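As structure tokens, the structure follows; a few thoughts come after it.
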Amino acid sequence: MIFATPRYALSTENLKRPQGELEGLFNLIRNHFKEYIGRICANGIRLRILGDTALLPEDVQQILQDCEKDTEKYNHKGINVALAYGSRAEIVQAVNRAIERGEKVTEESLSSLLYTQGQPDPDLIIRTGKEVRLSNFLMYQAAYAELYFSEKMFPEFSDKDLDKAMAAFSKRTRRFGKTDEQLT
């Protein structure tokens with residue numbers, strides 16, 4: 001299955017924002033997520049929510065669970081949406097699960113305990129909005145990802161901008177710790 005890099009919709013840190021702002025975000029889910037899921041179902045796309053959804057209001061949790069269930073039958077394409085997501089919390093949660101099971105943590109076992117289990121690590125992470133940092137986003141999975149920074153805010157980031165990011169990505173040499181000589 002091919003999964004797109006998650007859309008970072010709401011971080012665990014964002015949950016500290018003013019309640020009115022959070023309610024506006026939750027209302028977007030309440031009022032528009034089902035329609036969005038109808039469109040991705042029509043295209044045979046599976047939805048996965050990455051994050052600790054228990055931190056969200058119960059009705060929002062239910063909407064997200066229903067949407068994931070509605071799309072679980074699709075196995076060829078997928079999209080991740082990071083909600084109530086924080087990479088540090090994800091890693092701590094995964095390590096604690098391994099400890100509870102009495103397992104020794106390896107790279108493979110840790111990867112299988114993360115929200116992105118079963119998915120390849122991202123090759124490219126595009127950061128919009130003039131920020132030049134990962135902001136607690138996929139820190140473990142991003143170890144070998146190429147990073148692309150855009151000054152445009154996400155809503156203005158167009159297909160043309162994506163083409164520009166992909167062109168920049170295609171010019172990079174991915175070494176994964178090796179030298180240029182080892183790659184040839």
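Averaged per residue, what accessible surface does segment 27-146 expose to a 1.4 Å probe, in Å²?
56 Å²
Using only C-alpha atoms and all pairs of different ones, pull out the Kirkwood radius for segment 86-137 in Å with one decimal.
12.5 Å
State, to one decimal in nm, how far the label point of Ser112 lies from the label point of Cys41, with both points 7 Å from Cα in the Cβ direction.
Between Ser112 and Cys41, the label points sit 3.3 nm apart.
Cut-off 15 Å, label point 7 angstrom out along Cα-to-Cβ of Gln182: give me the residues of segment 117-149 whose amide nitrogen falls inside.
144
Using +1 at the Cβ of each Lys and Arg and -1 at the Cβ of each Asp and Glu in the chain, identify which of Ser135, Thr71, Thr53 lies farthest towards the dipole's positive end.
Farthest along the dipole direction, towards plus: Ser135.
If the cut-off is a Cα-Cα distance under 18 Å, which aspartates and glutamates reach Lys152, setting aside same-chain residues fewer than 8 apart in sequence?
Partners found: Glu131, Asp161, Asp163.
Using a 1.4 angstrom probe on heavy atoms only, work out the carbon and sulfur share of the accessible area of the chain in %.
On the way: 6010 of 11570 Å².
Carbon and sulfur atoms account for 52 percent of the accessible area of the chain.
Take each of the peptides 44-52, 155-163, 109-117, average the number of other beta-carbon atoms within 10 Å over its residues, and list them starting from the highest.
44-52, 109-117, 155-163
With the Cα gyration tensor of segment 1-152 giving a ≥ b ≥ c as the square roots of its eigenvalues, does the rule (a/c under 1.5 for rounded; else a/b larger than b/c for prolate; else oblate) give rounded, prolate or oblate?
rounded
Contour minus end-to-end for Phe169 and Lys104, with contour as 0.36 nm per residue of separation and end-to-end as the Cα-Cα distance?
Once the chain is fully extended between Phe169 and Lys104, it gains 19.8 nm.
Accessible area, 1.4 Å probe, largest first: how do Leu147, Leu10, Leu55 sort?
Working: Leu147 60, Leu10 5, Leu55 95 Å².
The most accessible residue leads, giving Leu55, Leu147, Leu10.
Quick one: putting +1 on the C-beta of Lys and Arg, -1 on the C-beta of Asp and Glu, what dipole do you get for segment 44-132 around its Cα centre, in Debye to the nearest 20?
Dipole of segment 44-132, to the nearest 20 debye: 180 debye.
What whole number of Å gives the distance from the Cα centroid of segment 106-138 to the Cα centroid of segment 37-75?
19 Å
The values are calculated or read from the model by the stated rules, or taken from the named source; none is laboratory data. As the structure is a prediction and not an experimental result, all values here were calculated from the model. Here the Cβ is made from the backbone with ideal geometry for all residues, glycine too, and neighbour counts use every protein chain on show. Calculation scope for accessible area: heavy atoms of the full protein, side chains included, ligands and nucleic acids excluded. Shrake-Rupley method; radii C 1.70, N 1.55, O 1.52, S 1.80 Å.
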